[in-house]
Each structure stands twice: as C-alpha cells, then as structure tokens.
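Q: Quick one: this structure, given as structure tokens, is what I'll be asking you about.
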Amino acid sequence: MKILQTMHDQGIEILNEDLLVYVQEIASPRQPTEDVPQGSIYSDSKDTFDLPSLPMSPIQERLHALIMSLELLPFKDVSRMRLMDLYARLGHWKEFFEVFRMAPNQGQLQSANVYAFMFGSVAQTGYQKSCMAVLRTWIPDLESEMPAVELDGEVGEAVRACLRIADPFVEQDAIDSSETPNEWLSLWKRTNLSGGQKDPFLYE
C-alpha cells in the first residue's frame, strides 16, 4: 500500500486494472494459509456455494476491497480470470464469486470463457454439494444470457466436470442409455448434444 501511495503521489495512475491485479498477485502468498482458526473459515450457500473460504491477509483484503469498489470500466475477462485463479488456489471462495459476479453486477453480459472457468474451478475442488449448487444456480443464468451461452466447447467440458462430481454415475448412466428421470443425466445429455449436430440440409 505504501508503494501504491508513493506512485499516486508521483502522479502515476494507480487505479488501473492491470496494475491492481498484478499487485494483488504479488501481495498474495504462494500457498494457502495453514493452521487457519476454524472460526475464521467462512462458508455460505449463497456467497461461497458451501465451499470453505479461507480469510485473506489484511493487505489482500484491502486490495480486493479496492478492486471491487472502483468505478472503472468493466474488468476484462482475462483480468477477472487471473483473480479467480489466484483466489481459487488460495481458497478465497467468497472473493472468487464476488469477482465472478462483477459483470452481471455492472449490467454486463457474462462471457462463455468466465462461465467455463468458474465451473471448472469448482469441479476441481471435488465438493459434491458445491458442484450441485453452482449447476442449479448458474445453468439457468447461462442460458438466459443474450445471446445464450451454449453448453458446448469449453463450457460443456467444464459443466461435465461438475456433473461428474455432482453424480459420479452420470457418465455411465449416459453410456447405458438410462431412462431413469434424473436432473444430472438430463443436463449431461444436453451438454453432449448441444452444438454437436449439423443441419443435414446445410451440410450435404
């Protein structure tokens, strides 16, 4: 913060997206904090989708608050994903989802790249309840974007990764052509079909 203050005093523009993301990266530890008091670990179905969110250091917290409070132009996808990647690796899930929500909170569309990154990051945690929660929460939002984000490509792969955690048998059920009603199997089939079929009248 002293460095930022010095830069500001010298007339350097510090309210800059790239600089703020970079400073947050270098101010953060390389590994998640160990021996965190249980009472300081935050978990909430709305804010963290039940993922245990580790507390930030005071400097990280101040920088994150600054990033979230600035009335800058909407952050680029690459900047947001850098922050989300950093926060996911360090277990700062509350802040991870705050960055994820930046675009819709600013009235902007959420891109397919950011959706894919979010689903993939949550899948990597292996938390079944959290994977279920993000699928139930964000699939409807994904489909309501203008235009709708398709369940194919990187988004489809990330959604499937979450589905494998939400229902470890979903892939085998799909192979076995199970007809048992199941929300996860239904979503799995949609990801496999979406974008994968060609119109025979256009590709003769």
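The values are calculated or read from the model by the stated rules, or taken from the named source; none is laboratory data. What you see is a predicted model; the values in this text were computed from it and never measured. Backbone-built Cβ (ideal geometry, glycine too); neighbour counts: all protein chains shown. Only protein heavy atoms, including side chains, enter the accessible area calculation; ligands, DNA and RNA are left aside. Shrake-Rupley method; radii C 1.70, N 1.55, O 1.52, S 1.80 Å.
Q: How large a share of the accessible area of the stretch 131-192, in percent, is made up of carbon and sulfur atoms when the probe is 1.4 Å and the other protein chains stay in place?
A: Ligands and nucleic acids excluded, carbon and sulfur reach 54 percent.
Q: What distance in nm separates the simple spin-label points at Glu154 and Ser69, each placed 7 Å from Cα in the Cβ direction?
A: Spacing of the two 7 Å Cα→Cβ label points: 3.2 nm.
Q: Report the calculated FRET efficiency for Ala27 and Ser177 (r = Cβ-Cβ distance, R0 = 41 Å), to the nearest 0.05.
A: 0.20
Q: For the chain, divide the Cα radius of gyration by the Kirkwood radius and give the resulting Rg/Rh value with two decimals.
A: When Rh is taken as the Kirkwood radius, the ratio is 1.05.
Q: Still on this structure, I have one more. If you roll a 1.4 Å probe over the heavy atoms of the protein chains, what accessible area per residue do you get for the stretch 34-183, in Å²?
A: Heavy-atom accessible area per residue stands at 52 Å².
Q: Continuing with the same structure: Taking 0.36 nm per residue of sequence separation and subtracting the Cα-Cα distance, how much length would be gained by fully extending the chain between Glu34 and Phe169, in nm to one decimal? Walk me through the numbers on the way to the answer.
A: Values: separation 135, 0.36 × 135 = 48.60 nm, distance 3.39 nm.
Result for the pair: 45.2 nm of gain on full extension.
Q: Would you work out which of Leu15, Pro58, Pro32 lies farthest towards the positive end of the dipole of the chain, given +1 charges on the beta-carbon of Lys and Arg and -1 on that of Asp and Glu, about the Cα centre?
A: Of Leu15, Pro58, Pro32, it is Pro58.
Q: So what's the convex hull volume per residue for the Cα atoms of the stretch 118-171, in Å³?
A: Working: hull volume 3.6 nm³, N = 54.
Dividing the Cα hull volume of the stretch 118-171 by its residues yields 66 Å³.
Q: On to the next question. Looking only at chymotrypsin sites (Phe, Trp or Tyr not before Pro) in DSSP loops with at most 11 other Cβ atoms within 10 Å, what is the longest site-free stretch of the chain?
A: Excluding the exposed sites themselves, the longest stretch runs over 1-200.
Q: On to the next question. Once the Cα atoms of the stretch 38-102 are picked out, what are the Rg and Dmax in Å?
A: 11.7, 37
Q: Tell me the label-point distance for the pair Gln5, Ser186, using the 7 Å Cα-to-Cβ offset, in nm and rounded to one decimal.
A: In this crude spin-label approximation the distance works out to 5.7 nm.
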